[in-house]
Amino acid sequence: NAGVTQTPKFRVLKTGQSMTLLCAQDMNHEYMYWYRQDPGMGLRLIHYSVGEGTTAKGEVPDGYNVSRLKKQNFLLGLESAAPSQTSVYFCASSPGGNSYEQYFGPGTRLTVT
Amino acid sequence: KNEVEQSPQNLTAQEGEFITINCSYSVGISALHWLQQHPGGGIVSLFMLSSGKKKHGRLIATINIQEKHSSLHITASHPRDSAVYICAVINFGNEKLTFGTGTRLTIIP
């Protein structure tokens, strides 16, 4: 099992450009999450999904959109990147039901210039 | 005030020392999660606990629900334990985690 994978690992964008980050999990987990991690702050939830076809806003959703068309994939989109979105992005998944232990991907380091 | 607070923020110790990292939270929770983030950035789940104590190798995690407090202990610490340790809580009634800002641990040979 690959667990949780993220694509790409690194990316540099210019202000105003768009991109999509892909998260894939092969554990048949129901729940998936997108976080950002910034220096001096804890991980912050951007959006999450509790099942295929569902998404919900987290703590810091502005400037991002998500889609979960297939159970194993969770996409995070930036329509018009801003320097404030420079961060490390982590995807995670969890089985759901009564099990909330989260399994994390390796992260994507995004720089917006 | 953050919902989840960790102490200390930074900790440097000699190899072999007994390590304690603390986590306090202010909300009702259904479980607490200890995570380890390696220098390369990857995040690994160490423990998920809702009561009592759990042990895995040299790591021990305890939680006191009444006092809203958890501790992570490392016995016989080793330089490979150097990492950031993150506490996160699962609030009652939802499936989301609230994270502490982490404790950076450095073990000197």
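Please report, largest first and rounded to whole Å, the three semi-axes of the ellipsoid equivalent to the protein assembly as shown, where each semi-axis is the square root of five times an eigenvalue of the C-alpha gyration tensor.
Rounded to whole Å, the semi-axes are 30, 20, 16.
Taking a ≥ b ≥ c as the square roots of the Cα gyration tensor eigenvalues, with a/c under 1.5 meaning rounded and otherwise prolate when a/b beats b/c, else oblate, which class fits chain B?
Prolate shape, in that a/c is at least 1.5 and a/b is the bigger ratio.
Could you pull out the pairs from B:Lys68/B:Lys96; A:Lys9/A:Lys71; A:Lys9/B:Lys53 whose alpha carbons sit more than 27 Å apart here?
In this structure, A:Lys9/B:Lys53 exceed 27 Å between Cα atoms.
Excluding A:Pro61 itself, what net charge comes from residues whose Cβ is under 14 Å from its Cβ, given Lys and Arg +1 and Asp and Glu -1?
Values: positive: A:Arg36, A:Arg44, A:Lys57, B:Lys96; negative: A:Glu59, A:Asp62, A:Glu79.
After counting each charged neighbour, the total is +1.
Computed FRET efficiency, Cβ-Cβ of A:Asp26 and A:Asn98, R0 22 Å: what is it to the nearest 0.05?
0.50
Can you give the relative contact order of chain B as a percent, counting alpha carbon pairs under 8 Å and 6+ residues apart?
It rounds to 37 percent for chain B.
Let me confirm one metric for peptide B:58-68, namely the mean number of other chain beta-carbon atoms within 10 Å of its residues' beta-carbons.
0
Averaging over every viewing direction, what projected area does the convex hull of the Cα atoms of chain A cover, in nm²?
6.6
What FRET efficiency comes out for the pair B:Arg80/A:Val50, r = Cβ-Cβ distance, R0 = 41 Å, nearest 0.05? Please report the intermediate quantities before stating the final value.
On the way: r = 36 Å, r/R0 = 0.88.
Once the sixth-power term is evaluated, E becomes 0.70.
Each value in this text was obtained by applying a stated rule to the coordinates, not by laboratory testing. Because the structure is predicted, anything quoted here is derived from the model rather than measured. Glycine gets a Cβ as well: all are built from the backbone with ideal geometry, and neighbour counts include every protein chain shown.
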